[in-house]
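Here's the structure we're looking at; comments come further down.
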Amino acid sequence: IDKFDKGMEKTRKSFSDKLNELFAGFREVDEDFFDDLEEVLISADVGFDMTIAISDVLREEMRLKPARTGEQVKNLIVETLVDIYEKGQIGLPTIKENPDGLTVVLFVGVNGVGKTTTIGKYAHKLKSEGKKVLLAAGDTFRAGAIEQLEVWGERVGVDVVTSDAKSDPASVVFDALKKGSTEHYDYLLVDTAGRLQNKVNLMKELEKINRIIHREIPGGAAETLLVLDATTGQNALIQAKQFKETTDVTGLILTKLDGTAKGGVILAIRQEMEIPVKFVGLGEGMNDLQVFDPEQYIYGLVK
Ligand code: GDP
């Protein structure tokens, strides 16, 4: 918990400082108040649509029950954030495991967002839960990606299936699936090349990988997780939309939450994407990946 609190420090500070400032001079909820509140939300990267949604709910609530103290209005804002976030999402997001054998998880995302690091951290997490984990170095495009995954494999003590650079990522995945099935691994985590600048190639590559997985595993990959860099704020949202057009993303991972005041972007993504944030990255170490808990996150924002 405390790691999460610490990781959220910058986002919280920027958000709650402004919110507290807004309430320091609180007299009543009028149009000026809404203007100021919208400014606070926008500047926290909550996103325009989410900001308007919160504003609308709040207006309606205030119309029903006009007389409130500043503290009550503040609580109302938090409740509204939680409500909007949790619409349609029950409980903590978990990974859909394959009950009959190998659970395959695909990782997608552009270079530099922290994809390889996230796979390493996730492998460590699974291993510490007693799972047998295999990694597939499917990013054969970016120079150094294969070695980097090997380093993580060594660090956390899990096996890595590789091939030569520039070879067909689908063949690496094929080899990894064979090994994963015959040697009874629980999880196969697949790194992929996130070439968003060439969407057609990206789509073809992911389609081919998915076809091969389907051939080996009924139902195909359990999850396709899109890794996004929180420090890029609204750009992360744009990337999410672009990836959603090319592949069937089932969950999001937001990295580098520790280095940014733009953590509010989680709310914007939730509002616009209808894809749950499953994990957040809170640092570069192997223990710095956490299951994302929306309530903890939102209460952490305004604490
Ligand atoms: P990839 O190109 O998407 O595979 O990105 P990498 O995994 O190589 O990560 C890029 C950089 O971001 C590396 O220096 C990582 O250590 C760093 N990084 C990844 N995740 C996090 C995180 O959650 N917090 C911080 N502070 N740095 C991170």
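Any read-out appearing in this document is the output of simple, stated calculations on the displayed coordinates, not a laboratory observation. What you see is a predicted model, and the numbers here were worked out from it, not measured in a lab. Every residue, glycine as well, gets a Cβ built from its backbone with ideal geometry; the counts of neighbours run over all protein chains shown.
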- Could you give the radius of gyration (one decimal) and Dmax (whole number) of the Cα atoms in the stretch 160-303, in Å? 16.7, 50
- Mean Cβ neighbour count within 10 Å, used as a protection proxy, ranking 149-156, 265-272 highest first: 265-272, 149-156
- Task: Express the Stokes-Einstein translational diffusion coefficient of the stretch 118-245 in µm² s⁻¹, to the nearest whole number, given a Kirkwood radius over alpha-carbon pairs, 10 °C and a viscosity of 1.306 mPa s.
- Result: 104
- Message: To make sure I understand, if each residue's beta carbon is the centre and we count other beta carbons within 10 Å, what order do 200, 104 fall in, fewest to most?
- Response: 200, 104
- Message: Please report the spacing between the Cα centers of the stretch 36-91 and the stretch 223-302 in Å, no decimals.
- Response: 20
- Round to the nearest 10 and give me the degree value, 0 to 90, for the angle of helix 234-246's Cα axis relative to the longest principal axis of the chain. 50
- Query: With Cβ to Cβ distances under 13 Å as the rule, what net charge do the other residues near residue 156 carry (K, R +1; D, E -1)?
  - Reply: +1
- Message: Treating the stretch 4-84 as a set of equal point scatterers at the Cα positions, no solvent, please give the Debye-formula log₁₀ I(q)/I(0) at q = 0.12, 0.19, 0.24, 0.27 Å⁻¹.
- Response: -0.33, -0.83, -1.32, -1.60
- Note on the structure: Residue span residue 2 to residue 31: 0.36 nm per residue of separation minus Cα-Cα distance leaves a gain in nm of 6.7 nm
- On a 0 to 90 degree scale, rounded to 10, what angle separates helix 48-64 from the longest Cα axis of the chain? 40
- Item | Interchain or long-range residues, amide H under 5 Å from residue 140's placed H | 193
- Note on the structure: Percent antiparallel among DSSP beta bridges confined to the chain, nearest 5, equals 10
- Message: Can you tally the net charge around residue 135? Count Lys and Arg as +1, Asp and Glu as -1, for every other residue whose Cβ sits under 14 Å from the Cβ of residue 135.
- Response: -1
- Taking placed amide H atoms and a strict 5 Å upper bound, the residues 5 or more places from residue 251 or on another chain that come that close are 224, 226
- Expected vector for the stretch 195-210, Karplus 3J(HN,Hα) from phi with 6.51, -1.76, 1.60 and θ = phi - 60°, integer Hz, x for Gly and Pro, equals 7, 6, 5, 10, 4, 5, 4, 4, 5, 4, 4, 5, 4, 5, 4, 5
- Task: Excluding residues fewer than 8 places away in the same chain, name every one of the lysines whose C-alpha is closer than 17 Å to that of residue 204.
- Result: 166, 244
- Quick one: what are the phi-derived ³J(HN,Hα) couplings along the stretch 146-160, Karplus 6.51/-1.76/1.60 with θ = phi - 60°, whole Hz, x for glycine and proline? 5, 4, 4, 5, 4, 4, 5, x, 5, 4, 9, x, 10, 7, 10
- Query: Which of the GluC sites (Glu not before Pro) found in the stretch 170-209 are loop residues per DSSP with 12 or fewer other Cβ atoms within 10 Å of their Cβ?
  - Reply: 183
- Query: Among 202, 225, 189, which one shows the biggest mean-square fluctuation in a GNM of the chain, springs joining Cα atoms closer than 10 Å?
  - Reply: 202
- Task: Give me the percent of DSSP beta bridges within the stretch 76-189 that run antiparallel, rounded to the nearest 5.
- Result: 0
- Message: Using Cα-Cα distances under 8 Å and only pairs 6 or more residues apart, what relative contact order does the stretch 83-191 have, in percent?
- Response: 38
- Message: For a protection proxy built on the mean count of beta-carbon atoms within 10 angstrom, sort 167-175, 67-75 highest first, please.
- Response: 167-175, 67-75
- Note on the structure: At q = 0.16, 0.20 Å⁻¹, the log10 of I(q)/I(0) for the stretch 230-303 from a Debye sum over equal Cα scatterers comes to -0.55, -0.86
- Vicinal HN-Hα couplings computed from phi for the stretch 118-133 (Karplus, 6.51 cos²θ - 1.76 cosθ + 1.60; Hz; Gly/Pro x): 5, 4, x, 5, 5, 4, 4, 4, 5, 4, 6, 8, x, 8, 8, 10
- Item | Per-residue [θ]222 nm for the chain (sum of -39500 (n - 2.57) over DSSP H runs n ≥ 4, rounded to 500) | -16500 deg cm²/dmol
- Looking only at lysines whose Cα falls under 24 Å of residue 127's and that sit 8 or more positions away or on another chain, we get 3, 96, 115, 178, 179, 256, 278
- Note on the structure: Net charge near residue 126 (other residues with Cβ under 9 Å of its Cβ; Lys, Arg +1; Asp, Glu -1) is +2
- Query: Label residue 84 and residue 211 with points 7 Å out from Cα along Cα→Cβ: what is the distance between them in nm?
  - Reply: 4.3
- From largest to smallest, what semi-axes in whole angstrom does the chain give when each is the square root of 5 times an eigenvalue of its alpha carbon gyration tensor? 40, 18, 17
